[in-house]
Amino acid sequence: MKIKKKLIILISVLIAYGLLQGLIALGIVDNYFRRILVSIGINIIIALSLNLIVGITGQLSMGHAAFMSIGAYASAVSSVALHTPLVVSLLIGCIVSGIIAAIVGYPILRLKGGYFSMCTLGFGEIVKVAFQNIDSLGGARGYTGIPASVNLTFVFFSVVIVFLIVTNLVNSSFGRTLRSVKDNEIATEAMGNKAQNYKMLGFITGSIIVAFAGGLYAHYITYIEPAMFNYSKSTEFLTFIVLGGIGSNTGSIIGSTILTLIPEVLRNISSELNELRMFIYGVIIIIMMIFRPQGLLGTNELTIAGIKRFIIKVKSRFAGKNKIQKEV
């Protein structure tokens with residue numbers, strides 16, 4: 001059964017990629033839509049990484065953009081200064097981010113609730129200011145000359161690989177232990193699992209994945225500056241998983257896709273509306289907290305079987321209404 005499932009996933013991915021290439025060949029997907037699709041792909045990777053920390057491990061990180069910037073700058077410097085291939089540059093960015101996450105996470109992961117959030121927020125500001133004052137990295141002007149070595153195909157398969165890695169990780173014994181840490185640390189400790197170690201591993205893993213997204217971002221737009229990775233960016237990342245459902249990987253995909261498309265829609269309507277992007281994000285979050293605080297999917301995952309059950313439920317509901325109307 002597992003082999004059959006993996007085969008179905010592989011065929012689905014290849015079909016999706018074939019359809020995408022067909023749309024590009026027909027001119028339906030032009031350069032503008034390619035840029036949007038790349039942005040969606042990178043944001044999906046970011047949302048999956050943050051969901052691993054917040055939704056699975058239960059640590060509210062407000063400095064996620066800082067680790068993205070570390071990955072972006074480290075991979076960019078590797079490509080420009082050392083002339084390393086793209087894969088090696090991305091790997092270096094992930095390693096640097098993972099090491100810094102371990103150093104920072106060791107003291108602050110002992111804190112709980114709002115104290116941990118405030119520490120990650122402060123760390124994010126420290127990283128931004130540090131990059132602004134390093135002249136060799138361009139300072140506040142930004143770092144230029146990064147090779148444009150990332151394209152839609154690379155991002156597409158990166159999203160697939162990251163999604164499979166995160167999904168398998170969450171569904172493994174390690175992932176179940178992470179969930180138990182989120183639900184009840186005392187019970188986790190009683191079962192012989194050191195909660196601190198698992199929180200550290202979850203934090204490092206999420207930081208490595210978002211650093212990978214930062215490397216993709218840097219090598220796609222070929223220019224980065226510290227202001228791109230400020231506090232509002234971390235807040236924007238958080239809205240991705242809040243909208244989709246904290247703890248749901250497929251919900252993170254849906255949330256990041258919707259909130260990536262909204263600015264593009266607003267930009268086409270009016271440039272003034274696009275400037276109100278963060279205001280609109282705030283309104284969306286308020287509405288979600290009032291009417292559906294668990295997000296679009298909650299902690300559930302979107303599956304084919306689930307979609308079938310939903311369709312059957314809707315059909316039965318409409319059939320019941322029609323029956324009542326006929327009887328009346």
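The residue pairs whose first member lies in the range 167-185 and is over 18 Å from ALA47 (Cβ atoms), whose second member is of a type in the set (Ser, Thr, Tyr) and assigned to a helix (DSSP H, G or I), and whose beta carbons are closer than 7 Å, counting only pairs six or more residues apart or on different chains, are THR177/THR188; THR177/TYR198; SER180/THR188; VAL181/THR188; VAL181/TYR198.
Considering only the range 201-317, give the helices (runs of 4 or more DSSP H) lying wholly within it that have at least 3 residues that are modelled with pLDDT of 80 or more. Spell out how you get there, then give the answer.
Working: elements: 231-244, 249-269, 271-275, 277-291.
It comes to 231-244, 249-269, 277-291.
Among the residues of the range 163-175, none is identified as part of a loop (DSSP other than H, G, I, E, B) and among the aromatic types (Phe, Trp, Tyr). Looking only at the range 98-118, residues that are surrounded by 14 or more Cβ atoms within 10 Å (Cβ to Cβ) and farther than 15 Å from ILE53 by Cα come to 3 in all. Against the test of being surrounded by fewer than 23 Cβ atoms within 10 Å (Cβ to Cβ) and not β-branched (Val, Ile, Thr), the options GLY18, GLY63, GLY93 yield a single qualifying residue, GLY18. Could you list, ordered by first residue, the pairs with Cβ atoms under 9 Å in which the first is in the range 33-47 and of a type outside the set (A, V, I, L, M) and the second is surrounded by fewer than 18 Cβ atoms within 10 Å (Cβ to Cβ) and outside any helix (DSSP H, G or I), at least 6 apart or interchain? Note: pairs meeting the criteria are ARG34/ASN151. Residue check: SER158 meets all listed conditions (1) surrounded by 15 or more Cβ atoms within 10 Å (Cβ to Cβ); (2) over 30 Å from LEU37 (Cα atoms); (3) not hydrophobic (A, V, I, L, M, F, W, C) but one, namely (2). Scanning the range 176-200 for residues that are polar (S, T, N, Q) and part of a helix (DSSP H, G or I) turns up THR177, SER180, THR188, GLN196, ASN197.
Restricting the range 234-244 to residues that are in contact (Cβ under 8 Å) with a residue 60 or more places away in the chain and buried (at least 19 other Cβ atoms within 10 Å of the Cβ), which is farthest from LEU261 (Cα to Cα)? My answer is SER234.
The values are calculated or read from the model by the stated rules, or taken from the named source; none is laboratory data. Computed from a predicted structure; not experimentally measured. Cβ sites come from the backbone with ideal geometry, for glycine too, and all protein chains shown count toward neighbours.
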